[in-house]
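First up is the structure itself, then whatever we jot down about it.
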Amino acid sequence: MFDFKIIPEIVFGNGASEKVGAEARKRGGTKALVVVDPGIIRAGLFDRIEESLTKEGIEVTVFDGVEPEPQIEIADQCAQLGRDKGCDLVVGIGGGSAMDTAKATSILLTNDGKVRDYQGLDLVKKPGVPKIMIPTTAGTGSEVTFTAVFTDKNTKSKAGVNSKYLFADLAFLDPKLTLSLPPEVTAFTGMDALTHAIEAYTSLSSNSFVDLFALEAIRLISDNLHKAVTDGQDIEARGSMLKGSLFGGIALANAGVGAAHALAYPMGGEHQVPHGIANGLLLPYVMEFNLESNIEKFSRIAEAMGERNQGFSALEFAEKSVSAVKKLVEDVKVPTRLRELGIPESAIEGLSSGAMKVTRPIENNPRKVTKEDAIEIYKRAY
Ligand SMILES: [Fe+2]
């Protein structure tokens with residue numbers, strides 16, 4: 001038995017985001033709090049979205065204080081602004097940071113307290129105000145997940161608000177908005193998306209619905225990430241990446257992630273390594289560790305990444321999934337070693353302790369991971 005959750009509506013296509021005003025109006029919005037990545041405003045991508053809202057008579061309040069790997073306090077500040085202005089709808093425009101802040105803000109506008117009160121699973125008491133997500137990176141899949149992750153500077157760890165009330169009401173996927181993403185951001189957000197798909201597909205919680213989305217995400221990302229990194233204006237590759245990220249997000253929302261994410265979190269919390277870089281770097285080493293748990297599924301990943309079985313044994317062919325991911329990581333120039341990130345080898349012990357505290361992904365990993373295993377994986381990646 002399994003259940004499968006997905007947001008009620010997804011609009012995909014070039015220029016789709018310009019329909020936001022009409023859709024916000026349909027959902028009863030009169031005062032929108034727009035949580036927008038400041039880079040989107042600088043790139044001039046916000047103007048038409050704002051115009052679409054104001055044209056419908058919707059009052060727009062902008063919060064552009066989001067930052068990469070956002071601190072908890074940022075979402076509390078954003079929610080306070082929304083309360084002060086009486087906002088009745090939230091729009092998140094940007095990468096995971098902006099969308100996660102928007103999602104958390106939506107529930108804080110109807111539930112008392114601060115983000116910290118809701119970190120954990122199913123602690124949110126009632127639905128938030130309607131929320132619309134517009135991703136501008138092809139990475140986090142936050143537009144279709146029920147999670148908002150924040151960094152706690154006191155504990156140097158990351159923690160998520162996880163609740164069905166965090167699901168967006170609607171997402172606009174507009175490839176045009178991703179054209180101006182620099183190559184390195186394209187590369188590491190794309191590796192995050194690939195990690196969602198591979199970890200959800202091989203996780204203990206996968207099911208046949210998840211597998212459909214995950215395998216298609218792996219195929220799309222494998223075929224298009226390098227193209228999108230080398231030619232940012234390739235609108236087809238950008239669109240395929242946005243779909244890959246969306247499908248990876250759907251898989252993630254329904255099956256969770258595994259050890260690569262668990263080991264990546266402390267790298268972000270303690271050493272400020274961007275989430276996608278940590279995931280891309282660790283993914284092949286974690287896959288190597290997990291390979292024996294499900295040779296069939298790793299063979300399917302190899303296939304989805306364009307490998308063909310020409311007389312290999314089952315294990316040899318499954319191993320092709322690891323070499324294919326390693327090659328992609330190198331091709332798109334994501335760092336492949338912890339040492340390249342300036343992390344001292346002496347930090348591995350602390351990172352491993354941190355990773356073991358990320359219990360849900362650790363327990364969802366297809367092969368049991370002990371602290372000694374985590375140390376070994378970090379060492380192999382060093
Ligand atoms: Fe992720």
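Exactly one condition in (1) part of a helix (DSSP H, G or I); (2) open to solvent by 50 Å² or more (accessible area, probe 1.4 Å); (3) over 22 Å from Ser323 (Cα atoms) is false for Lys368; which is it?
Evaluating Lys368 over (1) part of a helix (DSSP H, G or I); (2) open to solvent by 50 Å² or more (accessible area, probe 1.4 Å); (3) over 22 Å from Ser323 (Cα atoms) leaves (1) as the failure.
Working only within the range 178-212, note down all residues that are in a helix (DSSP H, G or I) and over 22 Å from Ile277 (Cβ atoms).
Matches in the range 178-212: Ser208, Phe209, Val210, Asp211, Leu212.
For the range 246-276, enumerate the residues that are farther than 28 Å from Lys164 by Cα, out of contact with any Ser or Thr (no Cβ under 9 Å at 6 or more places or on another chain) and assigned to a helix (DSSP H, G or I).
His271
Got a sec? Which of Val91, Val115 is in contact with a helix residue (DSSP H, G or I) (Cβ under 6 Å, 6 or more places away or on another chain) and either more than 27 Å from Lys19 (Cα to Cα) or β-branched (Val, Ile, Thr) (or both)?
Result of the check over Val91, Val115: Val115.
Could you list all residues from the range 1-28 that are open to solvent by 40 Å² or more (accessible area, probe 1.4 Å), over 15 Å from Phe167 (Cα atoms) and not in a loop (DSSP other than H, G, I, E, B)?
The answer is Phe12, Glu18, Lys19, Ala22, Arg25, Lys26.
Across the range 72-130, what is the total count of residues that are in contact with a Lys or Arg (Cβ under 7 Å, 6 or more places away or on another chain) and either without any contact (Cβ under 8 Å) to a residue 12 or more places away in the chain or outside any strand (DSSP E or B) (or both)?
13
Quick check on my filter: what residues within the range 152-166 are open to solvent by 20 Å² or more (accessible area, probe 1.4 Å) and either assigned to a loop (DSSP other than H, G, I, E, B) or aliphatic (A, V, I, L, M) (or both)?
Correct list: Lys153, Asn154, Thr155, Lys156, Ala159.
With the requirement that a residue be surrounded by fewer than 23 Cβ atoms within 10 Å (Cβ to Cβ) and either of a type outside the set (S, T, N, Q) or more than 18 Å from Pro135 (Cβ to Cβ) (or both), what does the range 223-245 give you?
Asp223, His226, Lys227, Thr230, Asp231, Gly232, Gln233, Asp234, Ile235, Glu236, Gly239, Lys243
Just the residues that are open to solvent by 20 Å² or more (accessible area, probe 1.4 Å) and either touching a strand residue (DSSP E or B) at 6+ places or on another chain (Cβ under 8 Å) or more than 14 Å from the ligand (Cβ to nearest atom) (or both), please, taken from the range 138-151.
Residues satisfying the conditions are Phe146, Thr147, Val149.
Please specify each residue of the range 342-359 satisfying the condition of being part of a helix (DSSP H, G or I) and surrounded by fewer than 16 Cβ atoms within 10 Å (Cβ to Cβ).
Passing the criteria: Glu345, Ser346, Glu349, Gly350, Ser353, Thr359.
The values are calculated or read from the model by the stated rules, or taken from the named source; none is laboratory data. Note that the structure is a prediction, hence the values are computed from the model and not measured. Counting neighbours? That spans all protein chains shown, and the Cβs are built from the backbone with ideal geometry, glycine included. Keep in mind that these areas ignore ligands, DNA and RNA; they rest on the heavy atoms of the full protein, side chains included. Shrake-Rupley method; radii C 1.70, N 1.55, O 1.52, S 1.80 Å.
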